[in-house]
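*Asks:* Below are the structure tokens for one structure; questions will follow.
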Ligand SMILES: N[C@@H](CCC(=O)N[C@@H](CS)C(=O)NCC(=O)O)C(=O)O
């Protein structure tokens, strides 16, 4: 029973990071054939998915029975249903409700951050200035991350206790805050460190640096610094 997962350039394709972690962090990788494709622009993505209609975005998963699942949240829910032993959402109902709430907010919101500050795992940028809409979103992230931890009694690195799908969904955002050096709010700061030091995230980034092409259009016109260790 092999699943296929089609992902974009590991250094820049935000939702692909989340989908990879949904597989890797829950011990599912043996059942997956992961393919990395290299569109040069968003408008070029559909061309790489022409054999799996009607997909037109990355990530896209194809189930063993041939169903095309082409949205990261649908991939999350489908995997959670198909692999109940992996406990991808928290088992506790209250913690699960919190995890689903924050994950859904990530999926539906934060358009300022997503549009203004693209994911870039190559380096950090010095001197990025947050416009007002991004400041509001940064405050909102701090609020919902702190609330998730408080409501679930999380006392480790992750939002709702053990690593859950909520954390996979936020990994691209955490990396983005490191890239633009806006990981200064206290809960945010610790949560970004959790992602950056996560071995699965580090493997994804290392594989991207070793194998995937640089896409200069994702480099802001700002001085760069090395990725934080
Ligand atoms: N809601 C989708 C968004 C995925 C998405 O927009 N992916 C981008 C690349 S990061 C893409 O494929 N863009 C091509 C397009 O929109 O045509 C998900 O969560 O999977």
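*Asks:* Can you name the number of the only condition in (1) within 16 Å of the ligand (Cβ to nearest atom); (2) at pLDDT 95 or above; (3) in the same structural domain as residue 36 (by TED's automatic domain parsing) that residue 107 fails?
*Replies:* Every listed condition holds for residue 107 apart from (3).
*Asks:* Out of the residues in region 13-46 meeting the condition of being near the ligand (Cβ under 8 Å from one of its atoms) and under 12 Å from the mean Cα position of the chain (by Cα), tell me which one is surrounded by the fewest Cβ atoms within 10 Å (Cβ to Cβ).
*Replies:* Taking the candidates together, the pick is 14.
*Asks:* Just need a number here: residues in region 47-65 that are more than 7 Å from the ligand (Cβ to nearest atom) and either closer than 30 Å to residue 96 by Cβ or in contact with a helix residue (DSSP H, G or I) (Cβ under 6 Å, 6 or more places away or on another chain) (or both).
*Replies:* Matching residues across region 47-65 total 7.
*Asks:* Somewhere in region 122-133, is a residue touching a helix residue (DSSP H, G or I) at 6+ places or on another chain (Cβ under 6 Å), within 19 Å of residue 17 (Cβ to Cβ), in contact (Cβ under 8 Å) with a residue 12 or more places away in the chain and buried (at least 22 other Cβ atoms within 10 Å of the Cβ)?
*Replies:* Within region 122-133, none of the residues are touching a helix residue (DSSP H, G or I) at 6+ places or on another chain (Cβ under 6 Å), within 19 Å of residue 17 (Cβ to Cβ), in contact (Cβ under 8 Å) with a residue 12 or more places away in the chain and buried (at least 22 other Cβ atoms within 10 Å of the Cβ).
The values are calculated or read from the model by the stated rules, or taken from the named source; none is laboratory data. The structure presented is a predicted model; accordingly, all values stated were derived computationally and were not measured. Because the Cβ atoms are built from the backbone with ideal geometry, glycine has one as well, and the counts that use them run over all protein chains shown.
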